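Reading through the structure tokens given below for one structure.
The values are calculated or read from the model by the stated rules, or taken from the named source; none is laboratory data. Since this is a predicted model, take the numbers as computed values, not measurements. In this analysis, Cβ positions are derived from the backbone assuming ideal geometry, glycine residues included, and neighbour counts consider all displayed protein chains. In case anyone asks, the SASA skips ligands and DNA or RNA and just uses the protein heavy atoms, side chains included. Shrake-Rupley method; radii C 1.70, N 1.55, O 1.52, S 1.80 Å.
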Amino acid sequence: MRHLIEPTDLTREEIEQIVALGEDIIANRAKYSEACKGKKLATLFYEPSTRTRLSFTSAMMELGGNVLGFSSASSSSVTKGETVADTVRVISCFADIIAMRHFKEGAPLVASQYATIPVINAGDGSHAHPTQTLTDLLTIKREKGRLDNLTIGFCGDLKFGRTVHSLIKALARYENVKVILISPEELRLPDYMLQEMQENSKLSFREVRTMEEVMPELDVLYMTRVQKERFLDDDEFERVKNSFVLDPGKLLTAKKDMIILHPLPRVNEITREVDSDPRAAYFRQVENGKFVRMALILTLLKWAEEQKAEGAAPRYAEEYEVNGHECHNHSCISRTEDVDQLFRREKDGSFRCAYCETKAR
Ligand code: CP
């Protein structure tokens, strides 16, 4: 069974097929209006969402399918102690495909181990958000006409920003992409991501402390919110919360065809005056999210039909091992649910948790 747990679950070619299908859906909406007739999407959202949950809902409706689910953990049987594993076994009896958002990193991977239907990660803690990545790629493709030969500045909370982590992983397959990481020291990209970029990726990258110093170079400026809900220390949040504010003055040195992206929601990191700048693409980006999710639902359901015939083995069985280590990341699902402690062996002989990618000590 194919799932989408992180962007690297898709090859570059598969990503491009889904992006192209998204573009076809935009151009020929009526053609797809009954494509999922009789199918059901379960939206299991254990953490708040506006865009992702409602765009999945809207996507399935536009495909002629139905949607069921819950929008908060408090309205599900998790309040009685039900595990992710048991929940998705149950949901597999009711639906054809699952979109799951969870505050614990790795929860969708656990779900994919027990569900008998495709599971889509709709955001897990600070870890990954692959459908936002597909949204971002479709937006860059439509706005810039290409996914290679780009200089992209990621600005703000790069530590907890799961959309940044996932987009960087996806871009690592493209040619001549330069990444500029703009953050305060406290909100730098996690070590595992920096290591991966150094060792495994085609990307060139550098870290800077202000957006002003790199603005003229950028083709894409990807702004992010400082994620208050992920901080363990309120004082640290107060110190960094106003680190970066994009206003019209800062855009004076930007290219005329640069685009500004933001996964949203925003707080104060982009002022309202920027919204009327034609380079502000973040509301167009939201709309693209629905079309690319339509494309993803269609693709995963098609693959599920094909694989039913083939009887494919679970993906994690080949990639991960149980080796006596335990994950020490307090936000990892393996700390709170009774799951196999799975680790992936790295090229340097170290191990990384399968659920949250934290390095084993
Ligand atoms: N971009 C995004 O994930 O937004 P929501 O949290 O509203 O789903």
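Observations on the structure shown:
- Qualifying residue in the range 235-254 (condition: open to solvent by less than 40 Å² (accessible area, probe 1.4 Å), modelled with pLDDT of 95 or more and of a type outside the set (A, V, I, L, M, F, W, C)): no
- In the range 84-104, the count of residues that are assigned to a strand (DSSP E or B), acidic (Asp, Glu) and at pLDDT 95 or above is zero.
- Subset of the range 226-277 [more than 28 Å from Arg146 (Cα to Cα) and in contact with a Ser or Thr (Cβ under 6 Å, 6 or more places away or on another chain)]: Arg230
- Among the candidates Glu185, Glu213, Glu229, residue that is open to solvent by 40 Å² or more (accessible area, probe 1.4 Å) and at pLDDT 90 or above: Glu213
- Subset of the range 333-349 [under 18 Å from Ala107 (Cβ atoms), outside any loop (DSSP other than H, G, I, E, B) and open to solvent by 40 Å² or more (accessible area, probe 1.4 Å)]: Arg335, Arg344
- Residue ID - nearest to Trp303 (Cα to Cα), chosen from residues in the range 17-58 that are away from the ligand (no atom under 16 Å from the Cβ) and β-branched (Val, Ile, Thr): Ile18
- Residues (within 22 Å of Lys169 (Cα to Cα), out of contact with any strand residue (DSSP E or B) (no Cβ under 8 Å at 6 or more places or on another chain) and among the charged types (D, E, K, R)) located in the range 321-356: Lys347, Asp348
- Any hit, the range 54-77, residues being of a type in the set (D, E, K, R) and touching a Phe, Trp or Tyr at 6+ places or on another chain (Cβ under 6 Å): no
- Checking Phe160 against (1) away from the ligand (no atom under 15 Å from the Cβ); (2) open to solvent by 10 Å² or more (accessible area, probe 1.4 Å); (3) assigned to a loop (DSSP other than H, G, I, E, B), the condition it does not meet: (1)
- Counting only residues that are away from the ligand (no atom under 16 Å from the Cβ), in a loop (DSSP other than H, G, I, E, B) and either closer than 28 Å to Phe56 by Cα or of a type in the set (Ser, Thr, Tyr) (or both), the range 243-276 holds 3 of them.
- Entry remark, the range 12-32: residues being in a loop (DSSP other than H, G, I, E, B) and surrounded by 13 or more Cβ atoms within 10 Å (Cβ to Cβ) number 0 in total.
- Here Lys37 clears all of (1) surrounded by 14 or more Cβ atoms within 10 Å (Cβ to Cβ); (2) farther than 23 Å from Ile333 by Cα; (3) among the charged types (D, E, K, R) except the condition numbered (1).
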